[in-house]
Amino acid sequence: MKAVGIILAGGNNSRMESLSNKRAIAAMPVCGSYRCVDFALSNMTNSGIKTVAVLSQYNARSLNEHLSSSKWWDFGRKQGGLYVFTPTVTATNSWWYRGTADAIWQNLDFLKKRHEPYVVIASGDCVYKLDYDKVLDYHIEKKADITVVCKEMPAGTDVSRFGVVRMNEESRITEFEEKPMVAHSNTVSCGIYVIRRRQLIEMLEKCAEENRWNFVNDIILRYKNLKRIYAYKTDGYWSNISTVDSYYDTNMDFLKPDVRKYFFKDEPRIYSKQEDLPPAKYNAGSSVSNSLISAGCIVNGKVENSLLFKNVYVGNNCVIKNSIILNEVYIGDNTHIENCIVESRDTLKANMYYSGDDGIKIIAEHNKRYNI
Amino acid sequence: MKKEMIAMLLAGGQGSRLGVLTADMAKPAVQFGGKYRIIDFPLSNCINSGIDTVGVLTQYQPLRLNTHIGIGIPWDLDRNYGGVSVLPPYEKGENSEWYTGTANAIYQNLRFIEEYDPEYVLILSGDHIYKMDYEVMLDFHKSHNADITIATMPVPWEEASRFGLVVADEDGRITEFEEKPANPKSNLASMGIYIFNWKTLKQSLLDKSEQPNCDFGKHVIPYCHEQGKGVYSWQFTGYWKDVGTLGSYWEANMELVDLVPEFNLYEEYWKIYTQYDNIEPQYIADSTKIERSIIGEGAEIYGEVINSVLGAGVSIGKGTVVRDSIIMQNTKIGENCTIDKSIVAEKCSIGDNVMFGVGESKESKLNASVYAFDLVTVAEGSVIPSGVRVGKNTAIKGVTCEADYPDHMLDGGEFILKEGQA
């Protein structure tokens, strides 16, 4: 393969509210049986990338656990492999990652030792399918220095949480605004970059000398008039998980047949850690409509327009509507849940009533599962 | 390096009483319980009991079994030393032959066992559904200074005459063997699971090497008993099911949907591992009734599912009702069908307005002892055209078209065996 992969998975986002207390966004369970980072990892392996470094910093326990074996994505190879880099103390430095560019710079030895001519940088908090090989071909064809994968959002989308780009007729990026209050375009950066490895090393070293640590501000924005920075437009499904609403909406998108077909049935597949859970079980009295149910679930009550993640137990006469129940939640009998996200491994008592009346409510009860 | 105990798993049998289900695959490779294959149960038992070296003896239609086992990754049996090895019959300087019996198959692989020079050898068969800790059995074997330990199970007295029985004293030492006796003296049935001292096993297999169709139950164990070896019975009391016939196979699947099934797949410890690709959640569409069923990953259900076991990636069209049936992996069923008491194998394609299990019960014209139990049995990869009705005790295999069904009907007891797969 012509490229080495880097996945930026360090981030937290306060707009994820209490959902990000437990884990980095990259480790956030999505779409029933996946984690956010599975999409970038699967895209890498499906694009023929053999070597991937995941850079993580914020609350990485959950992510490390998920990445404890590389075999699910077929990376555990003699040629290549999956590396997880968290900040470490060295003889010369004891910093945390001070930004995205710094995270890569602190692991520059990894990049220097590789032989692949290109680097694909992707973020670990997006849900999408993309053949990076096609982006790379485009990058070479355009003789670009950096290629940024972009997506045109539907008119009227609030793009203030994205990097917004404007390009000329041959797709060269002329303007790039990070999280603008008022945007001049609705084409946003997907946070996926292709760049020549030596070029990246050179730029990062220069940035570090000047105490600059942010990939977007200090590389893309500063160099946009000097270097040939191109936009590669993707028109497939792409969603960035950075707020509670975007998390909820992305999950709910999977109730649509075309989205499910695109991600679940069409090649190439998205891979994730396999946990050998038994099939889902429906007991007498259960009723389910328009919902996604994952392996290991046991359903006794009513589930409507909802997602049950892995190993969820739904008690008798429960009603679950328009909600997302994360992994290993136990819901006691007669409990009503509407417009909620229930945090993983939670235990909800019987006869409770939860409802998000003005927006999505996050439930984290911390009850003990077994009372001895 | 020495291993204390290694397992030899006999997986070469056809399982002819499973009819068209085993037309193209060995019985241990047949799917069970919505995502597993029968061989997953003994393999998972091995690794859960701390046995990390397993020889799998294959013979009949091994392709599916080979691809399923691979290098043993799902069961953690990919090891630097040991792990899983698939052992097919092979050509020799003289006397090249197929595996002619259970003991003969082990005899032909004595060199494999010698490599590991174990103290004990565990002999398993690949066609039972159960969870067993072989380590407990080994502890029994050691504490009784046994040469051979046979796992046994009490069966109802009225059924005892259908089994190979053992008569044991209060210490567990076996005094007598009875093969399907008319008047049984005991109700302890042999489960076909044996622990041998390696020295005893090797010597007895060499002594009996000239025996045609050499079998453990019929020849080797009685021979050892005659030689005065200590043969003990270790009584197992958990769930154990021989899924050798279509009826028992169907029954064992149906037992999984009980509220708290006797054989519980949902226990955290003693997981059953399997090789699988589908990991995505299943989708249940609007206003569908799903009761007393288990459904595998990635299924898309637009119809009703009652009292059934559905594999991964199965799709059920709108208006279709599936009752008391087993639908295996990646089978697609169209709209407005009624599927009653059927076993539909993997990757089948069924059209719209199809009815399975209609009419009176009639004796099968293909094989009355195999296709009984009023089941409709459809082989892997079969195609069923829209608008046909299929009676009870029927068998269908291959790509069928409307012309194969006179008046759109396959009467009870009839069968269609054709070439091709969907």
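Derivation of every value follows stated rules applied to the coordinates shown; laboratory data play no part. In this text the structure is predicted, and so the values were computed from the model without any measurement. Don't worry about glycine lacking a Cβ; one is built from the backbone with ideal geometry, like all the others, and counts go over all protein chains shown.
When the chymotrypsin sites (Phe, Trp or Tyr not before Pro) in the stretch A:296-371 are filtered for DSSP coil states and for at most 13 other beta-carbon atoms within 10 Å of their beta-carbon, the remaining sites are A:Y370.
For the stretch A:18-169, rounded, prolate or oblate, judged on the Cα gyration tensor with a ≥ b ≥ c (square roots of eigenvalues), a/c < 1.5 rounded, else prolate if a/b > b/c? Rounded, because the longest to shortest axis ratio a/c is under 1.5.
Pull out a ≥ b ≥ c, the square roots of the eigenvalues of the alpha-carbon gyration tensor of the stretch B:1-105, then state rounded if a/c is under 1.5, prolate if not and a/b is larger than b/c, and oblate in the remaining case.
Values: a/c = 1.98, a/b = 1.09, b/c = 1.82.
Judged from the Cα gyration tensor, the stretch B:1-105 comes out oblate (a/c at least 1.5, b/c at or above a/b).
Over every pair of different alpha-carbon atoms in chain B, take the mean of 1/r and invert it; report that Kirkwood radius in Å. Show your work: numbers first, answer last.
Working: mean 1/r = 0.0441 Å⁻¹.
Hydrodynamic radius (Kirkwood, Cα pairs) of chain B is 22.7 Å.
Considering only alpha-carbon pairs that sit under 8 angstrom and 6 or more positions apart, the relative contact order computed for chain A is 15 percent. Mean partner shielding of peptide B:293-303, defined as the number of other chain Cβ atoms within 10 Å of each residue Cβ, is 5.
Look at the stretch B:268-280: the mean tally of other chain Cβ atoms within 10 Å of its residues' Cβ atoms is 4. Net charge in the neighbourhood of A:D276 (other residues with Cβ under 12 Å of its Cβ; Lys, Arg +1, Asp, Glu -1) is -1.
Against the 2.2 N^0.38 Å scaling, with N counting residues, where does the stretch A:85-142 land? I'd like the Cα-based Rg ratio to two decimal places. If you can, show how the numbers build up before the last one.
Numbers: Rg = 14.7 Å, N = 58, 2.2 N^0.38 = 10.3 Å.
That ratio works out to 1.43.
Axis of helix A:36-46 versus longest Cα principal axis of chain A: the two differ by about 50°, to the nearest ten degrees.
Taking only the alpha-carbon positions of the protein assembly as shown and ignoring solvent, what does the Debye formula give for the base-10 log of I(q)/I(0) at q = 0.11 Å⁻¹? For the protein assembly as shown at q = 0.11 Å⁻¹, log10 I(q)/I(0) is -1.24.
Given a cut-off of under 8 Å on Cα pairs at least six residues apart, what relative contact order in percent is computed for chain B?
Over chain B, the number comes to 13 percent.
Find the centroid of the Cα atoms in the stretch A:1-64 and in the stretch B:224-290, then give the distance between the two in whole Å. Computed from Cα coordinates, the inter-centre distance equals 36 Å. Can you pull out the chymotrypsin sites (Phe, Trp or Tyr not before Pro) in the stretch A:51-103 whose DSSP state is coil and whose Cβ has at most 16 other Cβ atoms within 10 Å? Here the sparse-neighbourhood loop sites are A:W95, A:W96. Legend: distances between Cα atoms for A:K281/A:K302; A:K129/A:K233; B:K341/B:K362; A:K50/A:K112; A:K134/A:K227; pairs beyond 18 Å are A:K134/A:K227. Computed from Cα positions, the angle between helix A:132-141 and the longest principal axis of chain A comes to roughly 20 degrees. Counted residue by residue at 0.36 nm each, then reduced by the alpha carbon distance between them, the extension gain from B:K180 to B:D352 reaches 57.2 nm. Within the listed set B:R111, B:R323, B:R389, the residue fluctuating most in the Gaussian network model of chain B (springs between alpha-carbon atoms under 10 angstrom) is B:R111. In loop segments of the stretch A:331-372 as defined by DSSP, the GluC sites (Glu not before Pro) with at most 16 further C-beta atoms inside 10 Å of their C-beta are A:E365.
How high is the FRET efficiency between A:E175 and B:K2 when r is their beta carbon distance and R₀ equals 51 Å, given to the nearest 0.05?
Numbers: r = 71 Å, r/R0 = 1.39.
Computed FRET efficiency for A:E175 and B:K2: 0.10.
When all alpha-carbon pairs of chain A are counted, what percent fall beyond 39 Å? That fraction is 19 percent.
Roughly what % of DSSP beta bridges within chain B run antiparallel, to the nearest 5?
If we restrict to bridges inside chain B, about 25 percent are antiparallel.
If the label point is 7 Å along Cα→Cβ of B:R162, which residues in the stretch B:12-37 have backbone nitrogen under 15 Å from it? B:17-18, by backbone N distance to the label point. The mean sequence distance of close C-alpha pairs (under 8 Å, at least 6 residues apart), as a share of the length of the stretch B:60-144, puts its relative contact order at 12 percent. Averaging Cα coordinates gives a centre for the stretch A:171-225 and one for the stretch A:306-370; these two points are 42 Å apart.
Counting trypsin sites (Lys or Arg not before Pro) as exposed when in a DSSP loop with at most 11 other beta carbons within 10 Å, what is the longest stretch of chain A free of them? Walk me through the intermediate numbers first.
Values: sites that count: A:K78, A:K143, A:K368, A:R369.
Here the longest segment lacking exposed loop sites spans A:144-367.
Under a model in which nothing but the beta-carbon of Lys, Arg (+1) and Asp, Glu (-1) is charged, chain A shows a dipole of about 1000 debye around its Cα centre. Judged by the gyration tensor of its Cα atoms, with axes a ≥ b ≥ c, the stretch B:215-264 is oblate; a/c meets the 1.5 cut and b/c is at least as large as a/b.
A Gaussian network model of chain B, with springs between Cα atoms under 10 Å, assigns the largest mean-square fluctuation among B:N95, B:N45, B:N336 to B:N95.
Amide H to amide H distances under 5 Å link B:G172 with no residue, where only residues 5 or more positions off or on other chains count and H is placed in the peptide plane. Taking the centroid of alpha carbons for each part, the stretch B:356-385 and the stretch B:134-182 are 37 Å apart. Highest mobility in the GNM of chain B, judged by mean-square fluctuation with C-alpha springs under 10 Å and restricted to B:N330, B:N104, B:N264, is found for B:N264. Bridges between two residues of the protein assembly as shown, per DSSP, are antiparallel at a rate of about 30%.
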